[in-house]
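Here's the structure we're looking at; comments come further down.
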Amino acid sequence: MTTKGIKITVGEFKSQLESFNENDVLDFSGLDFYRLKKRGPELVQVEFNQTVYVNSEDKVQIENHE
């Protein structure tokens, strides 16, 4: 996996969601959604209650804080 595919635009994400009903549930495969946070003029970060990051070997790491 490379980090290239991890980011998408808000427009791309909204386009992917168009075919679903407004009340459909999003499943984050075990991640606990926390919030969306503006991090820059053109950057919105999706935050979870877990720490999610790409390590030095280009692998996604998840840390639970329980």
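Readers should treat all values here as calculations from the given coordinates under stated rules, not as data from a laboratory. As the structure is a computational prediction, the values presented were derived from the model and not from experiment. So basically every Cβ, Gly included, is an ideal-geometry build from the backbone, and we count neighbours across all protein chains shown.
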Output yes when any residue across region 4-25 is surrounded by 10 or more Cβ atoms within 10 Å (Cβ to Cβ) and in a strand (DSSP E or B), and no when none is.
no
Just the residues that are under 13 Å from Lys7 (Cα atoms) and over 14 Å from the mean Cα position of the chain (by Cα), please, taken from region 37-66.
Glu42
